[in-house]
Each structure stands twice: as structure tokens, then as C-alpha cells.
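Visitor: Below: one structure in C-alpha cells.
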Amino acid sequence: MTAPRAGCSALVLAGGAARRLGGRDKPAVIVGGATLLDRVLAAVAGAERIVVVGPRRELAELPEDEVAWCRENPPGGGPVAAIAAGLAAVSTPFVAVLAADLPFLTGREIELLRRGAEEPAADAAVLVDPGGRRQYLAAVWRTAQLRAVLPTDPVGRPVRGLFTDQAVTAVRADALACLDCDAPADVARARRWAGRVRPGTMER
């Protein structure tokens, strides 16, 4: 976040099998001299509370005591199970729910999402890329509403299902902020883009 903001926590999902990356520890992949996880944590450094769901790892960006760690049950139960596990440690009115593979997400996007979620009729705000694709794991929710929509059995459920019938503010962002590193080609692109300023000048 651009500055510490009371009332908003950050929930970072850093588990999963990363099958499209050959089972590599995706949050530990290096882009631009830092791990993917550290880059996302830098974007939420002003959050009132930071919760990482996944195996405990060494961090470069934040002191260990500034991060709460937990695991989904069962491990590998999917992102909604991870959200359910992490949400138990959140007590703020708003919570950012983020994948750990968004290397170019910044505090600016988090702040815009927070403002979108604060709109009177909104339940959540989600980042939307230039092609109109929603980045469901780059969102800020009203915490009470997120708890209300979590299924009783979250294992294996898709994240997009949480947004069904919700009032969602779309926050437009550039290709750089929305890039997620799901596959080897994404990681290669992120490494090419690292250090550049605007996605319009990036190599495709």
C-alpha cells in the first residue's frame, strides 16, 4: 500500500502445486532480483495485518514477526480453502486477497482496489486487465461479505464462484500489474519486463 492504512489486512496465497511450472515452488521464483512472494509482500507492506497461506519461507522484504503464516486444510485444497484458512486470522473491515505470483502489483493498485471496495454499494473490488479479464486473486473485499460467501466446504472450489451475485467494482489496470506467473512463458515475460516502466513498451 502507498501508506499504512488502518482497517485493511492482506491475505496472500502462497501454496498450490504449480503444475504448469513443473511443480516448482512458484512463490520462490526470482523475478528482477526478488522472489514473487517478496514482490507481492512489498506491495502490501502498509497493511494492518499480513497473512500468508502456504509453507513458511524466508522473507527479504518484511521482518518475520510482521507476517502471520497458516496452511489450508488439507494442504493443496485450492485457493478458496486457502482463503478460508487465512481469513480466520483477519479482523479488519477490509481484506486484500492476492495471489503470490503477481510480480508487478504495487501499492497503487492495492489502494485503488481498497477505494473501489469502499464504495457504498460494493462488496468487493477486483483488478481487470486491458482485455477485460478479471484477476480474481487481485481483489479487496469487505471482510464480512467474504466470510458470508465462503462455501461450507471450500476444498477444490473456484475463486470466481465467490464473486457470483456480488456487487463488484472493476478496477482497470495495465498489463504489467495484471501479469500472473502461471506458466514458464509468464515467468520469462516477467523477467524481460522487470525494471521497465510501462507495459506498452514491453516485449511480448
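Visitor: Which residue fluctuates the most in the chain, going by a Gaussian network model with Cα springs under 10 Å, if the choices are L162, L13, L37?
Guide: L162
Visitor: Add -39500 (n - 2.57) for each DSSP H run of 4 or more in the chain, then divide by its residues: what number comes out at 222 nm, to the nearest 500 deg cm²/dmol?
Guide: My calculation for the chain gives -6500 deg cm²/dmol from helical runs alone.
Visitor: Just reorder T164, T92, T106 by solvent-accessible area, largest first, 1.4 Å probe, all chains present.
Guide: Working: T164 80, T92 10, T106 60 Å².
Sorted descending by solvent-accessible area, the residues read T164, T106, T92.
Visitor: What are the trypsin sites (Lys or Arg not before Pro) within the stretch 43-109 that DSSP puts in a loop, where the Cβ has at most 13 other Cβ atoms within 10 Å?
Guide: R56
Visitor: So which GluC sites (Glu not before Pro) in the stretch 32-111 are both in a DSSP loop and have at most 10 other Cβ atoms within 10 Å of their Cβ?
Guide: E58
Visitor: Let me ask another. In the chain, what is the volume of the convex hull around the alpha carbon atoms, normalised per residue and reported in Å³?
Guide: On the way: hull volume 22.7 nm³, N = 204.
It is 111 Å³ per residue.
Visitor: Please find the FRET efficiency linking S91 to D182, where r is the Cβ-Cβ separation and R0 is fixed at 30 Å, and quote it to the nearest 0.05.
Guide: 0.45
Visitor: Please list 3J(HN,Hα) in residue order for the stretch 32-38, calculated via the Karplus relation 6.51 cos²θ - 1.76 cosθ + 1.60 where θ = phi - 60°; whole Hz, with x for glycine and proline.
Guide: x, x, 9, 5, 4, 4, 4
Visitor: Give me the percent of accessible area attributable to carbon and sulfur for the stretch 1-156, probe 1.4 angstrom.
Guide: Here it works out to 50 percent.
Visitor: Put a dot 7 Å past each Cα toward the Cβ at R115 and A194; how far apart are the dots in nm?
Guide: With each label point 7 Å from Cα toward Cβ, the separation is 3.1 nm.
Visitor: Amide H neighbours of V97 under 5 Å, counting only residues 5+ apart in sequence or on other chains, H built in-plane at 1.01 Å?
Guide: Amide H neighbours of V97: L11, A139, V140, W141.
Visitor: By how many nm would the segment from I30 to E66 lengthen if fully extended, with 0.36 nm per residue of separation less the alpha-carbon distance?
Guide: Result for the pair: 10.8 nm of gain on full extension.
Visitor: Over the stretch 77-204, what relative contact order in percent results from Cα pairs under 8 Å that are six or more residues apart?
Guide: 32
The values are calculated or read from the model by the stated rules, or taken from the named source; none is laboratory data. If you're wondering where the values come from, they're calculated on a predicted model, not measured in any experiment. In this analysis, Cβ positions are derived from the backbone assuming ideal geometry, glycine residues included, and neighbour counts consider all displayed protein chains. Ligands, DNA and RNA are stripped out before the accessible areas are found, and what is left, the full protein with its side chains, is counted by its heavy atoms. Shrake-Rupley method; radii C 1.70, N 1.55, O 1.52, S 1.80 Å.
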